[in-house]
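Single-structure report; data block below.
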Amino acid sequence: MSNPAPLHAASLHAALRAHADGINPGEAAIELLINHGCFLARHDFRDRFIRLATIDGTTTADLDWPAAAEAAHHGGLPCSSSERQILQIAASLADGIPVNLRDSLTGLDHRNLHLVVTAILHAAGHPTTS
């Protein structure tokens, strides 16, 4: 599927949020990726794993979580170990993809661990304001 013209960051974030709206785990996963700041800024990631659509005049963006997680896990998406861990946790929240928490949490720095905890709270229906 080909994407329409690329969106700037704020519009892409809004489109991803629109697609996940009302689904706590999906919202949490999107916020985790937005706040992490790595993958959504990368053209190789956006071009391969994000599909744009317009529904009733609203642009939405769907992320192919299984393909992105698989690519990161098997080296098809260059990334650091902490970037891979964040993506796999987000994919698990959004799409139920199994993740080994022992492997996915070990070695995360304080900032990334805070992002994950915030995402877990949001996914469970307890979004934080900060």
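The values are calculated or read from the model by the stated rules, or taken from the named source; none is laboratory data. In this text, all values refer to a predicted model and were calculated from it rather than measured experimentally. Cβ placement follows ideal geometry from the backbone for every residue including glycine, while neighbour counts extend to all protein chains displayed. Accessible surface is based on the protein model in full, side chains and every heavy atom, while ligands, DNA and RNA are left aside. Shrake-Rupley method; radii C 1.70, N 1.55, O 1.52, S 1.80 Å.
Odds and ends about this structure:
- The stretch 66-82, residues that are more than 22 Å from residue 10 (Cβ to Cβ) and in a helix (DSSP H, G or I): 66, 67, 69, 70, 71, 72, 73, 81, 82
- Taken over the stretch 23-52, the criterion of being open to solvent by 40 Å² or more (accessible area, probe 1.4 Å) and not in a helix (DSSP H, G or I) is satisfied by 23, 37, 42, 51.
- Filter pass, residue 15 being open to solvent by less than 10 Å² (accessible area, probe 1.4 Å), closer than 28 Å to residue 129 by Cβ and in contact with a strand residue (DSSP E or B) (Cβ under 8 Å, 6 or more places away or on another chain): yes
- Any hit, the stretch 73-82, residues being at pLDDT 95 or above, open to solvent by 70 Å² or more (accessible area, probe 1.4 Å) and under 14 Å from residue 46 (Cα atoms): yes
- All of (1) at pLDDT 95 or above; (2) of a type in the set (Val, Ile, Thr); (3) in contact with a strand residue (DSSP E or B) (Cβ under 9 Å, 6 or more places away or on another chain) hold for residue 59 with one exception: (1).
- Complete set of residues in the stretch 1-12 that are in a helix (DSSP H, G or I) and either at pLDDT 95 or above or exposed (fewer than 13 other Cβ atoms within 10 Å of the Cβ) (or both): 9, 10, 12
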